[in-house]
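Below is one structure, written out as C-alpha cells; comments come after it.
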Amino acid sequence: MNIRKACIKDLKDILALNFALFKKEHKDYDKSFNLKWTYSKGKKHFTDKIIERNSFVEVAEWKGKIVGYLCGGVSIGRFSREKAKYAELHNMFVLDEFRSKGIGTKLAKDFISWCKKKKIKYIAVTASAKNNLGINFYRKLGFKDYNLTLQIINKKG
C-alpha cells in the first residue's frame, strides 16, 4: 500500500471515490446528499484542494489503483469561538474491499499530523448521526463529541 499526497492526475479517481461516498451516504444515512455535486461543483472543489497550500488531499494506492482518499484543510473559525486555527476533515472514503486494513487510520493520522505541523488547535469532522462505524472510527482517533445538530425534515418542503 502506498499513501501519498494527491496530484491533479488523481482527480478522476478522487471524484469516483467521492461519488461512491455520496451514493453510500445518500442510501444509508442522508437522502439530502446531492448526487450531482461530485461531477459539477465537486470537480472544482477537489482541484482547488489538491493545489491549495492550506488544504490536504492524500490518496491510498494499491498496485497502481487509488483505493481511498482523504480531503481536509484549514477552515475559518466561527465568530463566536476563540481566535485560533481550525481545520476540518471534509471527507474520506476507502473502497469496501480495502477497509479494516489500516488505510483510513493512516490517512486520518497523516491529516492530524499535518494539522499539528500547521499549529492547528481545533480539528473537526462531521459524520451522519446514524453512521455508527464512522463515528466510532473517529472517536478511536481521538475526536470527541462536541456539537449536536438537530434537524426537522419537512415532508412538504
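Any read-out appearing in this document is the output of simple, stated calculations on the displayed coordinates, not a laboratory observation. Note that the coordinates shown come from a computational prediction; the quantities given were computed from them, not determined experimentally. When we count neighbours, we look across all protein chains shown, and the Cβ atoms used for this are built from the backbone with ideal geometry, even at glycine.
Overview of values
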read-out: Förster-model FRET efficiency, 22 Å R0, Lys43 and Glu97, C-beta, rounded to 0.05; value: 0.25
read-out: Cα-projected label distance for Lys85 with Lys121, points at 7 Å along beta-carbon direction, nm; value: 1.2
read-out: Axial C-alpha extent at least 18 Å, average Kyte-Doolittle at least -0.5 - helices from the chain (DSSP); value: 11-28, 103-117
read-out: Among Gly134, Gly42, Gly64: highest mean-square fluctuation, GNM of the chain, C-alpha pairs under 10 Å; value: Gly64
read-out: Reachable aspartates and glutamates from Lys27, criterion Cα separation under 18 angstrom, eight or more residues apart if same chain; value: Asp96
read-out: CD proxy at 222 nm, helix term only [per DSSP H run n ≥ 4: -39500 (n - 2.57); per residue of the chain; nearest 500]; value: -10500 deg cm²/dmol
read-out: GNM flexibility winner over the chain from Val125, Val67, Val94 (Cα, springs under 10 Å); value: Val125
read-out: Pair-distance profile P(r), taking every C-alpha pair of segment 2-140, with 10 angstrom steps and integer %; value: 11, 42, 39, 8, 0
read-out: Dipole-positive endmost among Tyr69, Leu17, Ile51 within the chain (Cβ charges, Cα centre); value: Ile51
read-out: Entries of Lys63/Lys140; Lys5/Lys106; Lys109/Lys140; Lys65/Lys140; Lys106/Lys130; Lys9/Lys101 with Cα pairs more than 18 Å apart; value: Lys63/Lys140; Lys65/Lys140; Lys106/Lys130; Lys9/Lys101
read-out: Local electrostatic count, Ile135, Cβ distance below 12 Å [Lys/Arg +1, Asp/Glu -1]; value: +3
